Amino acid sequence: MRKHCSFYRAVLFVFIFNNLIAFNIGGIQMNKEKIMEAVTMLIEAIGEDPQREGLVDTPDRIARMYEEIFAGIGQTAEEHLSKSFTIESNDLVIERDIPFYSMCEHHFLPFYGKAHIAYVPNGKVAGLSKLVRTVDVYARKPQLQEKLTSEIGSAIMEYLDAQGVMVIIEAEHLCMNMRGVKRPGTKTVTAMSDGILKTDASLKNDVYNLLGIRA
Ligand SMILES: [Zn+2]
């Protein structure tokens, strides 16, 4: 009986320990070895030689690069948006032309462009750099432009408790420029609005005017 108890205690300890590690690093840990193996296989599969000079360090380079460009996996912008300041008046806040880079989840090729964020506060505002960080968190993972737009907007509603939000993203997708229809320069525009920026047409028009967009 005692033997069983210590066995279960050990299992429980391992379970808690593993979960603590996962928790501490924010949910997902990247397996660098596995990325390197996969890239080596990819190089072989396209008929190239993974040992030739130019390619021999490519698996390691890509693994290190993925740690950076996919750093948003499993993360939210809660940490950034909870560092807010109290304000007296709830006037419209607009941060425009926030540059971002993301990876299209359908082709694993970059899409990049500018995000514009407008929100009506509810007694508190986020530091302007925190909006940039918010865009980064959601851009740094395999992503779709539509989802990126709505995730940024939802984060501002939820973590900043805004009265309303509008997010507009214009981006170029390398999967459109390099392959398929091949139309370099084509921009995809996505937009979302929530709260009073969804329901109040005149406020919405203010945002369009300030961003220089014709509604
Ligand atoms: Zn794509």
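The values are calculated or read from the model by the stated rules, or taken from the named source; none is laboratory data. Remember, it's a predicted structure, so these values are computed and weren't measured experimentally. So basically every Cβ, Gly included, is an ideal-geometry build from the backbone, and we count neighbours across all protein chains shown. For accessibility, only protein heavy atoms count, side chains too; no ligands or nucleic acids. Shrake-Rupley method; radii C 1.70, N 1.55, O 1.52, S 1.80 Å.
The magnitude of the dipole of the chain, with charges of +1 and -1 set on the Cβ of Lys/Arg and Asp/Glu and taken from the Cα centre, is near 400 debye. Element breakdown for the chain at a 1.4 angstrom probe: carbon and sulfur atoms account for 56% of the accessible area.
The loop-placed GluC sites (Glu not before Pro) in segment 79-127, going by DSSP, that have at most 16 neighbouring Cβ atoms within 10 Å of their Cβ come out as Glu88, Glu105. The residue among Val93, Gly153, Leu203 whose Cα reaches farthest toward the positive pole of the charge dipole of the chain, with charges on the beta-carbon of Lys, Arg, Asp and Glu, is Gly153.
Solvent-accessible surface of segment 84-215, taken per residue with a 1.4 Å probe and all protein chains present: 51 Å². Among the trypsin sites (Lys or Arg not before Pro) within segment 42-133, those in coil by DSSP and having at most 15 neighbouring Cβ atoms inside 10 Å are Arg52, Lys83. For segment 100-215, the relative contact order is 28 percent, taking Cα pairs closer than 8 Å that sit 6 or more residues apart in sequence and dividing their mean separation by the residue count.
For the chain, relative contact order (Cα pairs under 8 Å, six or more residues apart, normalised by length) works out to 17 percent. If one computes the Cα centroid of segment 133-154 and of segment 79-120, what distance in Å separates the two points? If you average the Cα positions of each part, the centres end up 8 Å apart. Between Gly127 and Phe85, the built amide H atoms are under 5 Å apart, and every one of these is 5 or more places off in sequence or on another chain. Only the Cβ atoms of Lys and Arg (+1) and of Asp and Glu (-1) were treated as charged; on that basis the dipole of segment 115-215 about its Cα centre amounts to roughly 440 debye.
Taking all protein chains as they are arranged and a probe of 1.4 Å, the heavy atoms of Glu158 leave approximately 120 Å² accessible to solvent.
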